[in-house]
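*Asks:* This is the structure I have questions about; it appears just below.
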Amino acid sequence: MTNSAPPTPSPKSRFDWSKLGLPIVLLGFLSYFMVFAKYPLTRDFPWVHFPIMLIGLWMAWKYRWRNRKARLTRARIFSSLLLTGSILIVALFCFYVFSYSYQLPKSSNRLALEQQPKAFTLNDHQGNDVSLADYRGKNLIISFYRGYW
Amino acid sequence: MQSTQSEFAARNTEILAISIDPPEDSAKIVTKLGLSFPILSDPDFQVIDAFGVRHQEGMMGKDIARPAVFILNTQGQLAWSNLTDNWRVRVTPNELIEALDSMK
């Protein structure tokens, strides 16, 4: 048997790595939210994730290609499902990165420069009253954030 | 923001964070992230509306605050603001320090 021999049904011992395409895409997807979103460098533009997900997508495609004439219908369906799943995950990620996170209202009624905000008093995380007046004579950075439900 | 705390102190600058979360939830975040500045709870949108940063139905149909950063100067006037157009992308501490330095 030479190297150029037509692909024979491969022995069971040889694992087809391209089967892992979908798990890799999924890993890329989840890791963005669980790890990389914590660091501005990898959050603002997901440099790491597009390569990971592209590799996964490519593997899923390869797996599908290999199984395009598989004798088992099951193998053809399974590889198609893996590829479709991978494409959907990548599409979802692209939607999140390029569209969903831009969905913010127009900021027409924002406080204008040189204006003073109304005085306020709110509870802090320990239940203490904190007033704007407490910060007179200091620069004050106020950061609003979305919160966690 | 936490990491450059001393840079802010050197510029006579304090920090407040504001969200609609109840104080108990904010307390968990303060502990988890080791924050040295307070998180204020604004469930009635009193301050969020005063700054015009309410995001209607921003999360699961519920109103929340959009990510936004304001700097008030020592007279309490608005000197700088950043309302990101993408809530994944936020202001960096360096941008704030540059803003503070340009205010003098």
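A short reminder: the numbers here are calculations on the coordinates, not readings from a lab. Only a predicted model underlies this, so the values are computations on that prediction, with no experimental measurement involved. Note that each Cβ is placed from the backbone with ideal geometry, even for glycine, and that neighbours are counted across all protein chains shown.
*Asks:* Quick one: 3J(HN,Hα) in Hz for region B:61-69, Karplus 6.51/-1.76/1.60 with θ = phi - 60°, rounded, Gly and Pro as x.
*Replies:* x, 9, 6, 9, 8, 7, x, 7, 10
*Asks:* Follow-up. Just list whichever of A:Lys118/A:Lys138; A:Lys118/B:Lys28; A:Lys106/B:Lys62 have alpha carbons separated by over 23 Å in the model shown.
*Replies:* Distance filter (> 23 Å) returns A:Lys118/B:Lys28.
*Asks:* Follow-up question, since we're still on this one. Taking every pair of distinct Cα atoms and averaging 1/r, then inverting, what Kirkwood hydrodynamic radius in Å comes out for the protein assembly as shown?
*Replies:* That comes to 21.4 Å for the protein assembly as shown.
*Asks:* Further question: For peptide B:19-32, compute the average count of partner chain beta-carbon atoms within 10 Å of each residue's beta-carbon.
*Replies:* Whole-number average of other-chain Cβ neighbours for B:19-32 is 4.
*Asks:* Something else: What does DSSP give for chain B in terms of the percent of beta bridges that are antiparallel, rounded to the nearest 5?
*Replies:* 70
*Asks:* Long-range amide H contacts for B:Gly58: which residues qualify at under 5 Å (H placed 1.01 Å from N, peptide plane, sequence gap of 5 or more or a different chain)?
*Replies:* Those lying under 5 Å, H to H, from B:Gly58 are B:Asp63, B:Ile64.
*Asks:* At 0.36 nm per residue, minus the direct Cα-Cα distance, what do A:Leu113 and A:Lys138 gain on full extension? Give it in nm, one decimal, please.
*Replies:* Fully extending the segment from A:Leu113 to A:Lys138 adds 7.3 nm.
*Asks:* Over the whole of A:94-105, what's the average partner chain Cβ count within 10 Å per residue? Rounded to a whole number, please.
*Replies:* Taking all residues of A:94-105 together, the mean is 4.
*Asks:* Using a 10 Å cut-off on Cβ atoms, rank the peptides B:78-89, A:116-127 from the highest mean neighbour count down.
*Replies:* Those peptides, ordered most packed to least, come out B:78-89, A:116-127.
*Asks:* Taking each residue of B:80-90 in turn, how many C-beta atoms of other protein chains fall within 10 Å of its C-beta, and what is the average?
*Replies:* 6
*Asks:* 7 Å from Cα along Cα→Cβ at both B:Gln46 and A:Phe98: what's the point-to-point distance in nm?
*Replies:* Spacing of the two 7 Å Cα→Cβ label points: 4.4 nm.
*Asks:* Enter the angle in degrees (range 0 to 90, nearest 10) between the Cα long axis of helix B:93-103 and the first principal axis of the Cα atoms of chain B, meaning the one along which they spread out most.
*Replies:* Orientation of helix B:93-103: about 60 degrees from the principal axis.
*Asks:* Under a Cβ-Cβ cut-off of 10 Å, what is the net charge of the residues other than B:Ile64 that fall near it, where Lys and Arg count +1 and Asp and Glu count -1?
*Replies:* Net charge in that neighbourhood comes out at +1.
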